[in-house]
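*Asks:* Pasting a structure below so you can have a look.
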Amino acid sequence: MRIRRLKILGVAMALSGLAALIGIILYVLPRAAAPSVNRTADFVLVNELTSFAREHDLTEGVLRLPDRDDENEQLRLIAIDEASMSDPRDPSHPGLGQFPWPRSLYGKLLQRLHRAGASVVAFDIEFFEPSADPTQDAAFAAGLRAQRTVLGESLNITSGGILRPQQPPPLLRGAANRLGSTSVDVVGGWLVGQPLTIEAGGTVYPSLAAASASAFLGAPVRTLDAWSGRIGETPVPLDGDRLLLMLPFKTAEKVGASGALQEDAPFFQSISFVDSLKLDDAALATFAKGKIVVIGATATALGDYVATPHGRAPGVFGNLRLIDQLVRKRFIARAPPALDIALIVLIPLLIGFAVTQLRPAVGVAIGVAVVVVYSIAVVAIYGHTLVWLNLIHVDAATIVAALFVALYRTATEGADKRMIREMFGKHVSPALVDEMMAHDDPLKALDLSGKRAKVTVFYSDIRGFTAMSETMTPEEIYGALNEYFEEMCRLVFEHGGYVDKFIGDCVMAVFSAPNPRPNDAYEAVLSAWRQQQRILTMMIEWAANGRKVFTVGMGLNTGEVVMGNLGSADRLNYTVIGDNVNTAARLYNVAKGGQIIISELTYEEVKDHFIVNELTPVFVKGKVLALRNFEVVGLLKPGETNPSTLLDPNNLPTPAVADAH
């Protein structure tokens with residue numbers, strides 16, 4: 001049994017390990033491989049759950065997750081929106097016409113922003129070709145020289161695997177304060193972050209967000225390794241792939257000055273490009289003084305949209321968010337992979353072990369509860385500290401481990417139950433079989449390897465059956481025995497007995513196997529009494545039909561036996577063995593037809609329930625001392641004086657020798 005338990009535990013741990021291995025494989029996949037199930041999907045889910053918990057007040061009064069979308073007073077957007085691209089002749093709100101616009105327009109705006117006191121202006125727009133009209137670039141360059149400005153550049157990988165920048169023309173590039181990469185790495189369709197810097201050929205290319213924050217803070221930005229960077233002296237955690245993770249945000253529509261709806265986000269203030277040109281100097285200074293002003297497209301027609309973990313948003317919003325994080329030092333720190341992998345392994349193993357100790361359904365329920373508690377903990381930790389612990393792969397491995405082990409246990413216990421039904425289904429009452437089946441571990445409940453137990457062993461034998469059968473056909477013999485055994489077994493079952501075996505016309509039963517009870521001796525003797533009564537009525541019926549009749553002798557003994565599987569590797573039988581079994585076998589030989597003979601040990605158990613006559617002690621085979629034996633002659637009613645006839649134990653008659661019947 002111990003070996004079997006170890007085997008079950010070993011298989012359960014192997015299945016849990018397999019579930020953990022699946023989780024680890026998905027966890028270590030590159031960001032671009034299967035982003036719907038790898039770490040990218042995990043990052044998206046953690047952010048969505050955190051946002052859901054905050055929006056629905058699920059943590060109100062308990063965790064109080066801080067709001068990460070509060071406005072950054074140092075960040076502004078001038079949006080190239082639908083209103084800015086409307087027809088200049090529109091009487092309600094004239095715009096600037098079809099995009100792109102003359103570059104002198106940007107030069108004019110930069111001059112005004114400089115006078116308004118803007119700290120840094122960043123263009124999330126591409127200017128990679130010289131203007132057809134050189135005066136336009138000259139006017140733009142004049143504005144660039146007046147106002148500290150970051151222009152965008154694009155980084156592309158050639159077919160030869162070489163990183164090649166696409167930059168503004170020399171005039172604009174020389175006039176700008178610095179350049180920043182606008183290339184967007186959208187993994188699996190999600191914008192989850194951007195590199196601080198990219199190094200190629202000895203040149204460091206900062207992102208537009210990093211360049212803008214660096215210019216605003218007056219601090220250099222650099223990437224130290226795959227896990228860390230710096231902006232000035234401030235450490236910047238990266239995700240292990242040199243990526244600065246973006247704190248997701250919610251967008252909303254607002255009514256602009258033109259009355260048209262436009263995309264907006266709560267962590268910055270924005271104004272339409274066309275409206276910014278109409279502001280007077282004082283109003284523009286109020287909007288831009290000391291701020292980082294980003295100029296970028298939000299118009300749907302321009303197609304600069306990306307998918308974020310919280311929905312579709314203009315691409316410029318992603319750069320705004322990364323600038324916001326760098327300026328306010330709000331960084332997402334990914335937990336060390338060693339910790340994530342340890343959780344992916346340990347929690348499923350623990351749940352797998354738990355499922356082996358409990359009912360499969362209970363184990364799976366505990367696994368689900370652990371997943372819920374762990375998920376809440378991950379969301380709470382992330383919401384408060386921005387430390388990102390793995391969620392999907394830990395939860396998935398835990399659930400899969402619980403299901404794997406539960407299915408394995410269900411399959412093995414199904415085999416166990418089939419074995420039990422084969423072993424006991426014809427020998428014990430259906431109720432007892434059902435009781436064994438309901439046990440968490442049926443084989444554990446049986447302890448088939450052998451155990452000591454106090455039981456009452458019952459034997460019965462038809463008297464004179466051999467001689468009687470000589471006058472009967474085989475069909476008559478088998479018909480009579482089967483009818484007789486059917487009735488006797490029913491009465492054994494009704495009193496919780498187990499039919500051990502049939503030996504010709506002899507029945508051996510045990511009260512009770514495999515689970516002994518305190519009143520087994522009483523139930524055994526009562527079953528024997530009822531059997532004798534049923535035999536009398538059966539014989540009357542048989543005689544009336546001209547059939548052969550017989551009587552039955554019965555013997556019972558109570559005591560400790562060894563109970564369990566006995567036999568060879570090819571054939572096992574669940575039975576009881578021991579001296580007390582032999583004693584019962586000897587006593588039924590003492591009994592004459594119609595008698596129930598019980599041993600002294602059985603008598604002591606049932607003397608308050610039955611009327612007995614003590615018989616002359618007998619010598620039986622295998623015993624040195626004579627056995628006291630008692631014939632059961634009636635049932636004792638409650639409150640009735642016991643009329644049993646007992647011998648004087650100090651003056652017993654000379655023992656007789658038991659005859660074999």
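The values are calculated or read from the model by the stated rules, or taken from the named source; none is laboratory data. Every value quoted in this text rests on a predicted model; they were computed, and no experiment measured them. Cβ: placed from backbone, ideal geometry, glycine included. Neighbour counts: every protein chain shown.
*Asks:* Could you tell me which of the residues Leu339, Leu346, Leu389, Leu403 is crowded, with 16+ Cβ neighbours inside 10 Å, at pLDDT 95 or above and of a type in the set (A, V, I, L, M, F, W, C)?
*Replies:* On the way: Leu339 fails: crowded, with 16+ Cβ neighbours inside 10 Å; Leu346 fails: crowded, with 16+ Cβ neighbours inside 10 Å; Leu403 fails: at pLDDT 95 or above.
None of the others qualify; the one that does is Leu389.
*Asks:* Name, by its number, the condition in (1) surrounded by fewer than 21 Cβ atoms within 10 Å (Cβ to Cβ); (2) within 47 Å of the chain's Cα centre (by Cα) that does not hold for Val510.
*Replies:* Val510 satisfies every listed condition except (1).
*Asks:* Next question. Looking at (1) in contact (Cβ under 8 Å) with a residue 40 or more places away in the chain; (2) surrounded by fewer than 20 Cβ atoms within 10 Å (Cβ to Cβ), find the lone condition where Ala116 falls short.
*Replies:* (2)
*Asks:* Return only the number of the condition from (1) more than 18 Å from Ser460 (Cα to Cα); (2) surrounded by 23 or more Cβ atoms within 10 Å (Cβ to Cβ) that Val552 does not satisfy.
*Replies:* (1)
*Asks:* Test each condition in (1) within 60 Å of the chain's Cα centre (by Cα); (2) within 30 Å of Glu640 (Cα to Cα); (3) of a type outside the set (Lys, Arg); (4) not in a strand (DSSP E or B) for Ile598 and report the one that comes out false.
*Replies:* Here Ile598 clears every test but (4).
*Asks:* Ok, one more. Being in a strand (DSSP E or B) and either touching a Gly at 6+ places or on another chain (Cβ under 9 Å) or under 22 Å from Asp124 (Cα atoms) (or both) is true for just one of Lys254, Lys250. Which residue is that?
*Replies:* Details: Lys250 fails: in a strand (DSSP E or B).
After ruling out the rest, the residue left standing is Lys254.
*Asks:* Here is a follow-up. Within the group Phe123, Phe99, Phe127, which residue is surrounded by 21 or more Cβ atoms within 10 Å (Cβ to Cβ), part of a loop (DSSP other than H, G, I, E, B) and among the aromatic types (Phe, Trp, Tyr)? Even if it seems obvious, please write down each step before you answer.
*Replies:* Details: Phe123 fails: part of a loop (DSSP other than H, G, I, E, B); Phe99 fails: surrounded by 21 or more Cβ atoms within 10 Å (Cβ to Cβ).
After ruling out the rest, the residue left standing is Phe127.
*Asks:* While we're looking at this one, here's another question. In the range 119-143, what residues are over 19 Å from Leu179 (Cβ atoms) and either touching a residue at least 12 places away in the same chain (Cβ under 8 Å) or among the basic types (Lys, Arg) (or both)? If you could, list the steps in order and put the result at the bottom.
*Replies:* So in the range 119-143, the residues over 19 Å from Leu179 (Cβ atoms) come out as 132-136, 138-139.
Hits for the range 119-143 are Asp133, Thr135, Gln136, Ala138, Ala139.
*Asks:* In the range 287-333, which residue that is in contact with a Lys or Arg (Cβ under 9 Å, 6 or more places away or on another chain) and assigned to a loop (DSSP other than H, G, I, E, B) is surrounded by the most Cβ atoms within 10 Å (Cβ to Cβ)?
*Replies:* Only one residue tops the list, namely Lys291.
*Asks:* Can you pull out every residue in the range 478-514 that is touching a Gly at 6+ places or on another chain (Cβ under 9 Å) and at pLDDT below 90?
*Replies:* Result: Ser512, Ala513, Pro514.
*Asks:* Could I ask something else about it? With respect to the numbered conditions (1) farther than 24 Å from Phe268 by Cα; (2) aliphatic (A, V, I, L, M); (3) in a helix (DSSP H, G or I), which one is the sole condition not fulfilled by Leu109?
*Replies:* (1)
*Asks:* Select, from Glu476, Glu541, Glu487, Glu470, the only residue that is in contact (Cβ under 8 Å) with a residue 60 or more places away in the chain and among the charged types (D, E, K, R). Give the derivation first.
*Replies:* Details: Glu541 fails: in contact (Cβ under 8 Å) with a residue 60 or more places away in the chain; Glu487 fails: in contact (Cβ under 8 Å) with a residue 60 or more places away in the chain; Glu470 fails: in contact (Cβ under 8 Å) with a residue 60 or more places away in the chain.
Answer to the check: Glu476.
*Asks:* Next up: Quick check on the range 543-565: of everything there that is in contact with a Lys or Arg (Cβ under 7 Å, 6 or more places away or on another chain) and among the hydrophobic types (A, V, I, L, M, F, W, C), which residue is farthest from Ala521 (Cα to Cα)?
*Replies:* Applying the filter and picking the extreme gives Phe550.
*Asks:* Can I ask one more? What's the number of the condition Ile347 fails, among (1) assigned by TED's automatic domain parsing to the domain that holds Leu15; (2) over 30 Å from Ala406 (Cα atoms)?
*Replies:* Condition (2) is where Ile347 drops out.
*Asks:* What's the total number of residues in the range 246-285 that are within 27 Å of Val186 (Cβ to Cβ), crowded, with 17+ Cβ neighbours inside 10 Å and either modelled with pLDDT under 75 or not assigned by TED's automatic domain parsing to the domain that holds Gly95 (or both)?
*Replies:* Final tally of qualifying residues: 1.
*Asks:* Mind checking which pairs have a first residue in the range 74-95 that is more than 22 Å from Glu253 (Cα to Cα) and a second that is assigned to a loop (DSSP other than H, G, I, E, B) and modelled with pLDDT of 90 or more, Cβ under 6 Å, 6 or more apart or different chains?
*Replies:* Partner pairs satisfying both residue conditions: Pro88/Gly97.
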